[in-house]
Structure formats: C-alpha cells, structure tokens
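No value in this document is a laboratory result; all are computed from the given coordinates. Just so you know, these numbers come straight off a predicted model, no measurement behind them. As a convention, Cβ positions derive from the backbone with ideal geometry for all residues, glycine included, and neighbour counts pool all protein chains shown.
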Amino acid sequence: MPRLLVLCVFVAIFSYVSVSIEVCTSALIPGAKGDQGEIGDDGDQGKLGKNGPPGLPGVPGEPGLKGELGHTGKIGPTGDRGDKGDKGLDGPAGLKGKPGTMCDCGRYRKVVGQLDISVGKLGNAVKFVKNVVLGLRETEERYYLLVKEPKRFREALMNCKLRGGTLAMPKSTNTNRLMADYVSQAGLTRVYIGVQTQTKDVDGSSHVYADSTPLQGFASWSQEEELQPSTNSSCVELLSTGTWAHVECEATMFFICEFPKSRRRGGGREPGASASS
C-alpha cells in the first residue's frame, strides 16, 4: 500500500513536469512552416501619385511640308548706283558722200513759204490726232496717256514700260493740275500715279517716284494724309480734285503713263500704242 501511494505521487509529479516542459517548449520554439495559402483577390486601385520628373527629350520629328508662298512684301530701298561702264569701240567710218551742187534758192522761196503753211496745217492735224483721237495730254517735255485698263500697281508699272514710257510722275503744280483735269474730264475719280512709299533713306525721304528718285520739292497730299499718313498702304493715287492719297498696291484701277517727247525723235514707239501682253 505505501508503494502504491508513492507510485501515484511519482506519476503525478512526472505528468506535471512533462506538461510544463511542453508548454514552455511551445512558447519558445517556432513550429514547422505551413503550406502556402491561396492568392487573394485584387485590391482596390490606389490614389494617383504625384507627377514624376520630366523625361528626356524625344527624337526630333521629320520636317513638315513647305508652306504656301506669302504675300508680296513692300519694295525695298533703292540700291547704290553702279559704276560707269567702259567706253565701247568706235564704229567703222561711213562712206564718203557725193559732193553737193550750187543752188539758186531764190526761185524756191515761194515753194518754201507754201511748205511752211502746209507744215503748220499738218502740225494742227497732228495735235488734233494726239488730243482727240489718242486722248493724249502734253506739256513742253512730255506726253500723258490715261489707260482705261484696271491694273494692280506693279502691273500698271509694267504696262507703261511696255508702251515705251513710265507711270506718270507729277513733279510740279502745273503737271499735277493737268493730270487731275485729265482724270476729271474722263469721268473718273482716281488713278494710279508713279509715287510709292519706301524705307526712309539718308535724306529722310519716305516716298520715291517710279524712276526711283526721292520725292522732293512738290507733293499734293490731302489734308487727311498730312494729319495722319497711312502706314499700311504703300502706293499712291491721284484724285480728280488734284490731291494725293495712299492706297493698297493690290487694288485695281486705271492709271496714267508718261512719255518723254525726245524719245519720238529716236524712232521710239508712238505714245499710247498697245502694250503686248
């Protein structure tokens, strides 16, 4: 009986110690790695983050197609005059003429007088043709022709040049008045004249004639142009009142050409002859 009691006590003590060691051992030593669990569902999309730093510049693209031709710009300043060319070689001498004969001109005086009368009548006839048939106006040095063909400014310049003249340039009060009356009698209100604006040169002139000479000594600007000159229009028109005004060079209107009288002596084209197109 005492042995049995001792055995029971011993078993009880051993069981208690074994349980204590198992509890401590479980608390201090990790267990074996378990099996991998299943992959969970995708979570909700997070908030957008801040913009990152700019990336490196990309490769340049191919050049684009060539654009359309722009509008014609204003005429630039007149260039410097070139050097005078070398003198040409003398031409061959002409053939010797026949000797003249003595003439008794007394008997021809009557004939000469009749010729003077005929020449005077012919001169009046020529003047009639010029003023009435051809519609020309003239001064001591030049003829003026009103061309009733609507042209742009550059086209008018070329048209007068093809006729053997240039776009009319009123350089005095009398010439300006003659041209204005010419326009008024034709029933018109305005025409192109050979004056246009340019970049100011050394002399300070901002306008030039069609022959590239600066506008000096005479001008007939309207009162509005004197108070507030146009900065967008580079060409000039003559009104039937005799005043000048700026106008767009792309506008189409009639124009006046001028021809020097000395040119006709050299066998030049008759003023007013049709220009070849």
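Which whole-Hz couplings ³J(HN,Hα) result when phi for each residue of the stretch 135-149 is put into the Karplus expression 6.51 cos²θ - 1.76 cosθ + 1.60, θ = phi - 60°, listed in order with x for Gly and Pro?
Couplings: x, 7, 10, 8, 10, 5, 10, 9, 9, 10, 10, 8, 9, 8, 10 Hz.
What distance in nm separates the two pseudo spin-label positions at K261 and Q45, each 7 Å out from Cα along the beta-carbon direction?
Output for this residue pair reads 9.4 nm.
Please compute the net charge surrounding F218, taking Lys and Arg as +1 and Asp and Glu as -1 over other residues with Cβ under 12 Å from its Cβ.
+2
Determine ³J(HN,Hα), in whole Hz, for all residues of the stretch 165-173 in sequence, where each value follows from phi through the Karplus function 6.51 cos²θ - 1.76 cosθ + 1.60 and θ = phi - 60°; x replaces Gly and Pro.
With the stated coefficients, the stretch 165-173 comes to x, 8, 4, 4, 10, x, 9, 8, 5 Hz.
Multiply the residue separation of F218 and L56 by 0.36 nm, subtract the distance between their alpha-carbon atoms, and state the gained length in nm to one decimal.
On the way: separation 162, 0.36 × 162 = 58.32 nm, distance 6.55 nm.
Taking F218 through L56 to full extension adds about 51.8 nm, to one decimal.
Would you please give the FRET efficiency between Q36 and F10, computed as 1/(1 + (r/R0)^6) with r the Cβ-Cβ distance and R0 = 35 Å, to the nearest 0.05?
Plugging the Cβ-Cβ distance into 1/(1 + (r/R0)^6) gives 0.15.
Run the numbers for D90 and K161: contour at 0.36 nm per residue of separation, minus the present Cα-Cα distance, in nm.
22.5 nm
Once you put a point 7 Å from the Cα of D83 and another 7 Å from the Cα of R154, both along the Cβ direction, what distance in nm separates them?
The modelled label-to-label distance comes out at 3.2 nm.
What distance in nm separates the two pseudo spin-label positions at R177 and E250, each 7 Å out from Cα along the beta-carbon direction?
3.9 nm
Taking H placed 1.01 Å from N in the peptide plane, check which residues at least 5 places from V236 or on another chain put their amide H under 5 Å from its amide H.
Residues meeting the criterion, in which the H sits 1.01 Å from N, are I193, V195, V247.
How much net charge surrounds L167 when only other residues with a Cβ under 11 Å from its Cβ are counted (Lys, Arg +1; Asp, Glu -1)? Please report the intermediate quantities before stating the final value.
Working: positive: K151, R154, K161, R163; negative: E155, D211, E258.
With Lys, Arg at +1 and Asp, Glu at -1, the neighbours total +1.
Output wanted: per-residue J couplings in Hz (rounded whole) for the stretch 68-85, from phi through Karplus 6.51 cos²θ - 1.76 cosθ + 1.60, θ = phi - 60°, x for Gly and Pro.
Result, ordered by residue: 6, 5, x, 5, 5, x, 5, 5, x, x, 5, x, 5, 6, x, 6, 5, x Hz.
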